[in-house]
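Each remark here refers to the structure printed beneath this line.
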Amino acid sequence: MLDVLRRIVQEVNTARDFNQVLTIVVDKIKKSLPVDAASFYLTDRENNQLVLRKTDGLNDDAAENIRFPIDEGLVGYVVSTAETLNIPSAKLDSRYKYLPNIGEDKYNAFLGVPVIYQRKVLGVLVVQRTEETRFREESVAFLITLSSQLAGAIAHWRLYNDTNAGPDQEHHSEKYFSCIAGAPGVAIGTAYVVYSSSDFDAVPDRKITDIDFEINVFKEAVEKVCEELKQMRERLADILLSEDHALFDAYVLLARSETLVNGTIERIRKGNWAQAALRDTIREHTIKFDKIQDEYMRERADDIREIGLRIFRKLHSEKSPAIKYPKRTILVGEEIGATQLAEVPSKRIAGIISARGSNSSHVAILARAMGIPAVMGASNVSLGWMDQCEVIADGYQGRIYVQPPAIVKTEYSRLIKEESLLKKELRGLRNLPAETSDGFKVALMVNSGLLADEAISHSETEDGVGLYRTEFLFMVRESFPSESEQQEMYHKILKAYAPMSVNIRTIDVGGDKPLPYLPVAEDNPSLGWRGIRVALDHPDILVTQIKALLKASLGLNNMNIMFPMLSNLDELDEAQALYENALYEVKLKHPDIATPKVGVMIEVPSAMLLAESFAKRVDFLSIGSNDLTQYLLAVDRNNPRVAKLYDTLNPAVLRGIKLVVDAGVKQAKPVCVCGEMAGDPIAALLLVAMGVGSLSMANSNIARVKWVIRSFSYKKARYLLEQVLVQEHCHQVRSIMYHAFEEAGLASLLHSGK
Ligand code: PEP
Ligand code: MG
């Protein structure tokens, strides 16, 4: 059954429209289960109706015209309870509603399974039998599993491709995908889908004009693969038996076979580019072979896929010269990484849409640092399909509009204009201090991880860098940079900001920031080998970095160092010992190097509870609220499924942070917050009220936060903090703060989707 399920899901992924999705589903269910009818009913919430959208076994002609109230009949019952219903005789059931013309008089057994996506019932899968019997457990389990696996695809296609969901669907402005707000701002541009060379299924269709050129590109790739296969055979000549040699010959034949070559060329001739043409050829054949029960033949499908993938990787690695990033590129992908971002010319990048990740994942942080609107967690969206389409990425509300109608575009263009007006207004604050109306001053610092020259030219603050994430410099390379290379990079950064101070964080890799050249496979990377744990296990990496940092600061004296992700004091002792040694050694040669201040990041609950002990031993504390929230709430910061639970205004998070600030105050050590919450206007005000001396955030948030701080008195901020700290629910905190912001004339800052 698992095999059947896998094949259905695979086939659904190849569908090009909603009708095709439903045809595949209904058809496959009917073939795979002992049933006489299989149907799909769609909910039409606008009209409070259910629509018989596809059937195999009921009256086909009537389907799509059959509509009835959403709570009526057995199907309506499944919708209203969101539960499976399995009854032997539908007609005898009191909830049964007779519908003429539908042709279900002959059926007795009824099994209805809701299709639920993000807590909403999108439709009902129904199977029926003439016999009077209850469906067996295996059938029920099969249908429930299928329903859960198809929910995302159904959610996607019903939104964009369903012409039958009801007249109100014509209101195109309602057609958007709800995802997660990643980085604020709105981008209107052209989608450009990126995919990895191992993700064959993500290849988008792309129209081409020069057909002959594309055919040549394809043929060359085929020949290169054949050449590689032959070379492999030669290399293994002494080891392999002659039968195994034959296997390589067979592969070469397969690569040049009519099956692969002619089918693909035919598709190219129809105007699709080689990668997508090859994708379709291979899909067609794997589906065909997959249907065959014979195992030997099924393995031939694997061979075709394997050879196809080789050709595909060749095509992928030799980027077609036809690939041009659109003028306003909205980069779309399963998981956009720093390197993919870096490939787009900076003038062309307008926005980001990523299927994976959420508001606090590193791509989102990078996007915020670069001021690029980003929508994350777009996992319910079929990405390849939107390639080259006009798209709006609303990074405030986490919405994606594909081919938006004029009315939506006008509305968003207005918003963009308002934004730029607000920005201009905020520019007036540029030279004013971040100070409450009763004179309480706060330092507003910037988070960075980019190369200095770019970042500094846009910097909105003169308070320096509160967090410099060095790992990005490591992530965009192919091997560890040497000490002198690092020294050069750090010097550039420190020099660009001098005389402002820069808090440089030592390398913080692992978790969602893997290094391509230090691969680690872990079941639970967030709780695994990351941050200081990696650095202490590889003291050579940490010591090289510290030495490079110290030397880079020579003559500038504006550097502080901090260690990430500590969970106990032993780690601090070890890190400090390595640091002291490195400092001693460097000072032997360069006695003029100033001794930096050393701090720790508080981002783990244990460190939060031991904050005072940490504070005693270091010069400053820096709260990494992104990770601290993740670990306090047990919510993976990168998982869109639980993103709604990730809330820095959760009273538990606020109370936890207050503990750390109090510990710092008690030990007379400055406390900074450098997680994303420092840049959230509401949270920032509460942090100031707690006694946080500096807030470090994305450059694009500085002006807003300054506006907030200047709009309140410290006294009022303290009063609000007292009120929120005794609340028990996130929504209560939000409501108190919304009210205060509205009263202070700051309603326009309340963009947060929560
Ligand atoms: C944090 O966890 O809050 C933090 C600033 O570090 P990062 O986001 O880089 O993990
Ligand atoms: Mg962190």
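Structural remarks
- Check on residue 696, closer than 22 Å to residue 371 by Cβ and within 13 Å of ligand 1 (Cβ to nearest atom): yes
- Pairing each residue of segment 250-261 that is under 19 Å from residue 287 (Cβ atoms) and modelled with pLDDT of 85 or more with any residue that is open to solvent by 40 Å² or more (accessible area, probe 1.4 Å) and of a type in the set (Asp, Glu), provided the two are 6+ apart or on different chains, yields no C-beta distance under 8 Å.
- Any hit, segment 295-314, residues being in contact with a strand residue (DSSP E or B) (Cβ under 9 Å, 6 or more places away or on another chain), of a type in the set (A, V, I, L, M) and at pLDDT 80 or above: no
- Matching helices (runs of 4 or more DSSP H) fully within segment 689-754 where at least 2 residues are open to solvent by 20 Å² or more (accessible area, probe 1.4 Å), modelled with pLDDT of 95 or more and among the polar types (S, T, N, Q): 730-743
- Residues that are under 26 Å from residue 500 (Cα atoms), away from ligand 2 (no atom under 16 Å from the Cβ), within 40 Å of the chain's Cα centre (by Cα) and assigned to a loop (DSSP other than H, G, I, E, B), drawn from segment 555-578: 556, 557, 558
Yes/no per residue for (1) out of contact with any Ser or Thr (no Cβ under 8 Å at 6 or more places or on another chain); (2) within 16 Å of ligand 1 (Cβ to nearest atom):
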{"position": "623", "(1), (2)": "yes, yes"}
{"position": "626", "(1), (2)": "no, yes"}
{"position": "636", "(1), (2)": "no, yes"}
{"position": "647", "(1), (2)": "no, yes"}
{"position": "655", "(1), (2)": "yes, no"}
{"position": "667", "(1), (2)": "yes, no"}
{"position": "675", "(1), (2)": "no, yes"}
{"position": "680", "(1), (2)": "no, yes"}
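- When segment 335-379 is limited to residues that are touching a helix residue (DSSP H, G or I) at 6+ places or on another chain (Cβ under 6 Å) and open to solvent by 30 Å² or more (accessible area, probe 1.4 Å), the one that is nearest to residue 635 (Cα to Cα) turns out to be 379.
- Selection status of residue 640, more than 11 Å from ligand 1 (Cβ to nearest atom) and either crowded, with 22+ Cβ neighbours inside 10 Å or in the same structural domain as residue 118 (by TED's automatic domain parsing) (or both): yes
- Residues that are under 21 Å from the mean Cα position of the chain (by Cα) and part of a helix (DSSP H, G or I) within segment 305-354 comprise 338, 339, 340, 341, 342, 343, listed in sequence order.
- Residues of segment 191-212 satisfying the condition of being over 14 Å from residue 264 (Cα atoms), open to solvent by 40 Å² or more (accessible area, probe 1.4 Å) and part of a helix (DSSP H, G or I): 201
- Condition met for residue 590 (away from ligand 1 (no atom under 16 Å from the Cβ) and within 19 Å of residue 518 (Cβ to Cβ)): no
- Qualifying residue in segment 523-531 (condition: touching a helix residue (DSSP H, G or I) at 6+ places or on another chain (Cβ under 9 Å), over 27 Å from residue 588 (Cα atoms) and crowded, with 17+ Cβ neighbours inside 10 Å): yes
- For segment 593-614, filtered to residues that are in contact with a strand residue (DSSP E or B) (Cβ under 6 Å, 6 or more places away or on another chain) and more than 16 Å from ligand 1 (Cβ to nearest atom), the residue that is nearest to residue 358 (Cα to Cα) is 598.
- For segment 532-553, the tally of residues that are away from ligand 2 (no atom under 16 Å from the Cβ) and crowded, with 22+ Cβ neighbours inside 10 Å stands at 8.
- Cβ-Cβ contacts under 9 Å between residues 6 or more apart (or on different chains), taken from a first residue in segment 572-591 that is closer than 16 Å to residue 541 by Cα and at pLDDT 95 or above to a second residue that is surrounded by 12 or more Cβ atoms within 10 Å (Cβ to Cβ) and small (Gly, Ala, Ser), are listed as 575/535; 578/535.
- Of all the criteria given as (1) open to solvent by less than 40 Å² (accessible area, probe 1.4 Å); (2) more than 15 Å from ligand 2 (Cβ to nearest atom); (3) free of Cβ contacts under 8 Å to residues at least 40 places away in the same chain, the one not satisfied by residue 634 is (1).
The values are calculated or read from the model by the stated rules, or taken from the named source; none is laboratory data. Since this is a predicted model, take the numbers as computed values, not measurements. Neighbour counts run over all protein chains shown; Cβ positions are idealised from the backbone, glycine included. The area values use the complete protein model at the heavy-atom level, side chains included, leaving out ligands, DNA and RNA. Shrake-Rupley method; radii C 1.70, N 1.55, O 1.52, S 1.80 Å.
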